[in-house]
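See below for the structure under consideration.
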Amino acid sequence: MPEKIFAIKGDIIFTETNKQFSTYLQSFLVIKDGIVEGIYKILPEKFNGISVSDKGHALILPGFIDLHTHAAQFNQLGMGMDYKLIDWLSSYTFKEEERFSSEKYAEKIYRAFAEELINCGTTSAVIFSTIHKNSCDILCRILQEKKIPAYVGKVNMDVNCPSFLCENTAESLQETEEFINKWKDNLLIKPIITPRFAPTSSREQLKGLGDLAVKYNLPVQSHLAENKAEIAWVNELFPECGAYYKVYEQYNLYGQTKTLMAHCIHLTDAEIKHLAKIDVMPVHCPDSNMNLTSGIMPARKMLNEGINIGLGSDIGAGHELFMPNVMVRAIQSSKIYNMQHNEYKPLSLAEVFYMATKGCGKFFDNRGSLENGYQADFLVIDLPEYKQNASLEERLAYFVYSGEKKYIKECYANGKKIS
Ligand code: GUN
Ligand code: FE
């Protein structure tokens, strides 16, 4: 196949580290076979004749990555926000997820979800679906059609949940293995082992899922230490483990393969230090944590330990998919945390931008940056003409804080235009 090479010209900005932005005014981003080839102020002669699209003073930045989101909760945004976690699950969420026993409903909602991801400039995501294997396949098929790189988890739950959403343990493991075999060799959409959270899985189910993770070397995602009542419940259900995370650890679901744990709000200092040493990435979901009054993740404390933190929308506990808004909420909640704990300074814009791009991208290996060798997942952002005198960093800040998706003019994943 002939190589496909092209360049986009504009004002390029991204975060190589979480300390500061890398900025390239009026430069060429060269993309070869879907991968970033380089950034040039003047296009070298060897690229003579390639297609160049000049975007003027538009910003060019990495696409956003959402490391924790529930596609099946897309139709319940804003509902049940007066509840805390356990009541929110039983009053709204479980009932909504049951609707995905209908493939027709799944097709409709998952298509709307995927379209909104692209509208929001989210170019890859790690996603929970529901227990329903056929609907889960539908979600994967839609993401593939839309060219959105993703990990998708078939959710597993076999205890402490309503009968309409409660799996038979053996069937659950069998269907999970079928789902794995169907998607594991796909280049774009990958399976991820997804026990909902410790309270809704039996020991047998957790053991079976950990065995599958190890057998197929698959990543794992779940929820950890989100809410104090949830933690007390886990301690009651698994007294032999002695700590919430140890339930996952005991069953090969905590760092034995690469692992995402949403929330991690109420970990002890010793648990945070332990997390720093293993292949478990905490995912900060500040919208969700505010909406369900769960608490504030001690993000600065984790960064001080050298932990790479991911960022997630966690819809429907979060109420939107637009990652710039989640980034702003992460900064704001770190400011509230700082008001209560003076020694932990607030997060900076560069730190949360890094979280939503290169930091999250580590889970995908080479996504989330515009450095050479990264997958060319990027956005073209057109701001109003009157913003053009501001510096590149100031314009980026304006875009992030504006909360306006309308400024996203183009969206690329793997070097292909997806909107
Ligand atoms: N814990 C278990 N299930 C869920 C869920 O669907 N959302 C959130 N935020 N926490 C959970
Ligand atoms: Fe969640």
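Every number in this text was worked out from the coordinates using simple rules, so none of it is lab data. Note that the structure is a prediction, hence the values are computed from the model and not measured. Don't worry about glycine lacking a Cβ; one is built from the backbone with ideal geometry, like all the others, and counts go over all protein chains shown.
If I stretch the segment between Lys417 and Asp365 completely, what's the gain in nm (0.36 nm per residue apart, minus their alpha carbon distance), one decimal?
16.6 nm
Could you tell me the extents of segment 182-275's C-alpha atoms along the three principal axes, largest first, rounded to whole Å?
For segment 182-275, the Cα extents along the three principal axes come out at 39, 26, 19 Å.
Would you grab the residues whose amide H sits under 5 Å from the one on Ala58? Only those 5+ places off in sequence or on another chain, please, with H modelled 1.01 Å from N.
The answer is Asp11.
Can you tell me the convex hull volume per residue for segment 1-58, based on C-alpha atoms, in Å³ to the nearest whole number?
Expressed per residue, the convex hull around the Cα atoms of segment 1-58 is 90 Å³.
Compare Glu45, Glu230, Glu240 in a GNM of the chain, Cα atoms joined below 10 Å, and give the one with the largest fluctuation.
The residue that fluctuates most here is Glu45.
With a point put 7 Å past each Cα toward its Cβ, work out how far Ile86 is from Gln388 in nm, to one decimal.
If labels sit at Ile86 and Gln388, their model points lie 5.9 nm apart.
Give the peptides 19-31, 311-323 in descending order of average Cβ contacts within 10 Å, highest first.
The most tightly packed comes first, giving 311-323, 19-31.
Evaluate Rg over Rh across segment 116-218, taking Cα atoms for both radii and Kirkwood's formula for Rh.
0.98
Holding the Cα-Cα limit at 24 Å, pick out from Lys84/Lys104; Lys190/Lys416; Lys147/Lys409 the pairs that are longer than that.
Over 24 Å Cα-Cα: Lys84/Lys104.
Cβ neighbours within 10 Å, averaged per peptide: list 3-12, 359-368 in order, most packed at the top.
359-368, 3-12
To the nearest whole percent, what portion of all C-alpha pairs in segment 112-171 is separated by more than 16 angstrom?
Of all Cα-Cα distances in segment 112-171, 48 percent exceed 16 Å.
Arrange Tyr386, Tyr407, Tyr110 by Cβ neighbour counts within 10 Å, fewest through most, would you?
Starting with the residue having the fewest Cβ neighbours, the order is Tyr386, Tyr407, Tyr110.
Express in whole angstrom the spacing between the alpha-carbon centres of segment 212-230 and segment 167-207.
First find each Cα centre; the distance between them is then 11 Å.
Suppose the chain between Asn338 and Lys273 were pulled fully straight at 0.36 nm per residue; how much longer would it get relative to their current alpha carbon spacing?
Gain in length upon complete extension: 21.4 nm.
Starting from the exponent 0.38 and prefactor 2.2 Å, build the expected Rg for segment 1-151 from its residue count and divide its actual Cα Rg by it.
Taking N as the residue count of segment 1-151, the ratio is 1.38.
Give the share of C-alpha pairs in each 10 angstrom bin for segment 273-419, from 0 to the last occupied bin, in whole percents, shortest bins first.
11, 36, 37, 15, 1
Please report how far the C-alpha centroid of segment 1-70 lies from that of segment 74-120, rounded to the nearest whole angstrom.
Each part's Cα centre sits 35 Å from the other's.
Run the helix sum for the chain: -39,500 (n - 2.57) per DSSP H stretch of 4+ residues, divided by residue count, reported at 222 nm to the nearest 500 deg cm²/dmol.
-9500 deg cm²/dmol
Simple spin-label model, 7 Å along Cα-to-Cβ: Ile35 to Asn134 in nm?
4.1 nm
Just the ratio, please: alpha-carbon radius of gyration of segment 345-394 over 2.2 N^0.38 Å, N its number of residues.
Against the compact-globule rule of thumb, the ratio is 1.40.
Quick check on the exposure proxy: order Met302, Met281, Met297, Met339 from fewest to most C-beta atoms within 10 angstrom.
Result, fewest neighbours first: Met339, Met302, Met281, Met297.
Summing Lys, Arg as +1 and Asp, Glu as -1, what charge do residues with Cβ under 10 Å from the Cβ of Thr293 carry, Thr293 excluded?
Residues close to Thr293 contribute a combined charge of 0.
With both partners inside the chain, how many of the DSSP beta bridges are antiparallel, as a percent to the nearest 5?
The antiparallel fraction comes to roughly 45 percent.
What are the principal axis extents of the Cα atoms in segment 52-105, in Å, biggest first?
52, 30, 17
So if the hydrodynamic radius of segment 250-309 is defined as the Kirkwood radius over C-alpha pairs, what does Stokes-Einstein give as its diffusion coefficient at 25 °C and 0.890 mPa s, in µm² per second?
Rounded, D is 206 µm²/s.
Report the charge-dipole magnitude of the chain in Debye, nearest 20, computed about the Cα centre from +1 at each Lys and Arg Cβ and -1 at each Asp and Glu Cβ.
Dipole magnitude for the chain comes out near 760 debye.
Compute the long axis of helix 228-237 from its Cα atoms, compare it with the longest principal axis of the Cα atoms of the chain, and write down the angle in degrees, 0 to 90, nearest 10.
50 degrees
Please go through the residue pairs Lys215/Lys358; Lys55/Lys405; Lys46/Lys358 and name each one whose alpha carbons sit more than 24 Å apart in this structure.
Violating the 24 Å Cα-Cα cut-off are Lys215/Lys358; Lys46/Lys358.
Roughly how compact is segment 64-185, stated as its Cα Rg over 2.2 N^0.38 Å to two decimals?
1.04
Straight-line reach from Lys273: which aspartates and glutamates have Cα under 13 Å away, leaving out those fewer than 8 places along the same chain?
Output for Lys273: Glu305.
Just how many % of Cα pairs in the chain lie over 30 Å apart, if you round to the nearest whole percent?
40 percent
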